[in-house]
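Q: I have a structure here, written as structure tokens, and I will follow up with some questions on it.
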Amino acid sequence: MELNILGIESSCDETAAAVVKNGTQALSSIVSSQVDTHREYGGVVPEIASRKHIESIIAIVDEALNTSGTALDDIDAVAVTQGPGLVGSLMVGLSAAKGISYSLGIPMINVDHLEAHISAIHLEHEVEFPFTALIVSGGHTNLYNVRSHTDFEIVGRTRDDAAGEAFDKAANILGLGYPGGIEIDRLSKKGNPDKFRFPRPFMDKDNLDFSYSGLKTSLLYHIRDNPVQDDETLQDICASYQESIVDTLIAKTVSAAQKFNSSRVVICGGVACNSRLRELGREKFNSLGIDLFIPSPKYCTDNAAMIAALGFHRLCKGQRAELDTATYSTALA
Ligand code: KG4
Ligand code: ZN
């Protein structure tokens, strides 16, 4: 039997919709980013984000249906991000999903945004369970032991800033604009990662948590005491700072994989686009004989295909949401 799931995502500053067949085949994945609107504020402004979602949600759903060649009548269920995220933004996607579910008489499935980042891997790869997953995004840095399509256990998390936040705040300190992760990645390619030594907290093997706020502060003090005078120094600072983030991400993921005896690792979320993280990850896990899977960049950053992919498996398990389902803003325990 074939099941077409319409996915809807609106947790932050991307309005996205997608149609996915049987949890693996993305027939369409449309993402409308608000980044140009928020750039002038140096970060996402929640009230503006919700309004922008309202303006575009219907058109994006239409585009996802048209691009996939699927009529609304051929949609079997609608999957939607319930949280975590900005509540006003989440409510726009959730309300749209409720309307579609009610009017078509099809099930609505509530999906956790972070778990969906992990499910994105199944759009491109067959990965057997169990596996260790690292989610690195603008708002979260979590390690999971993943036992099945619907069984995710958080085993480590950041105690303060997320890795993406560490990239974006550093870019702000260095005057590189918003969002800055991609710019630091670009500049680092020409820099020397060993030129400066930034902190790498909690590196003991037994601890699976992360901490990035001290790193950001050490960059702030470094720049205050040694203002950047030339491009070469800027590139070296970016490369050294990035190396510190990437080093801790990989070291902790290795520790988690070893603790849970995993022979497969998935790295996902927006920061998984980072070229040095992808490179060091491949080197490290290759040398350990562990298979590493990373989605292609379009499925690392926020999208709705990952929502539909997870929605499919929740639907198959009989997990569906009532029409009075509410959003949640912070990650589930
Ligand atoms: O998963 P995502 O699209 O949205 C959230 O759910 O947060 O992640 C966005 C984050 C931002 O912090 C952005 O700077 C970071 O991903 N990012 C990168 C790169 N591309 C995006 N960070 C480092 N290097 C990159 N190439
Ligand atoms: Zn995300």
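The values are calculated or read from the model by the stated rules, or taken from the named source; none is laboratory data. Everything numeric here is computed off the predicted structure, so don't read it as measured data. Backbone-built Cβ (ideal geometry, glycine too); neighbour counts: all protein chains shown.
Q: Would you point out which residue out of Val127, Val111, Val155 is more than 22 Å from Thr24 (Cβ to Cβ) and β-branched (Val, Ile, Thr)?
A: Val155
Q: A further question follows. Residue by residue through the range 218-269, note down the ones that are under 30 Å from His122 (Cβ atoms) and part of a loop (DSSP other than H, G, I, E, B).
A: Matches in the range 218-269: Phe260, Asn261, Ser262, Ser263, Gly269.
Q: Is it the case that Ile154 is hydrophobic (A, V, I, L, M, F, W, C) and in a strand (DSSP E or B)?
A: When the stated conditions are applied, Ile154 passes them.
Q: Still on this structure, I have one more. Please work out which residue is farthest from the chain's Cα centre (by Cα), limiting yourself to the range 163-182 and to residues that are assigned to a loop (DSSP other than H, G, I, E, B) and either among the β-branched types (Val, Ile, Thr) or modelled with pLDDT under 95 (or both).
A: Result: Gly175.
Q: Within the set of pairs 6+ apart or on separate chains, which have a first residue in the range 130-154 that is among the charged types (D, E, K, R), a second that is within 16 Å of ligand 2 (Cβ to nearest atom), and C-beta atoms under 9 Å apart?
A: As it stands, the answer is Glu153/Tyr144, since those pairs meet every condition given.
Q: Could you tell me which of the residues Val127, Val80 is within 19 Å of Leu310 (Cβ to Cβ) and in a strand (DSSP E or B)?
A: Criteria check complete, one pass: Val80.
Q: Return only the number of the condition from (1) surrounded by 18 or more Cβ atoms within 10 Å (Cβ to Cβ); (2) on the phi < 0 side of the Ramachandran plot; (3) out of contact with any Cys (no Cβ under 6 Å at 6 or more places or on another chain) that Gly23 does not satisfy.
A: (2)
Q: Anything in the range 111-137 that is under 23 Å from Ile154 (Cβ atoms) and surrounded by fewer than 22 Cβ atoms within 10 Å (Cβ to Cβ)? List them, or say none.
A: Asp112, His125, Val127, Glu128, Phe129, Pro130
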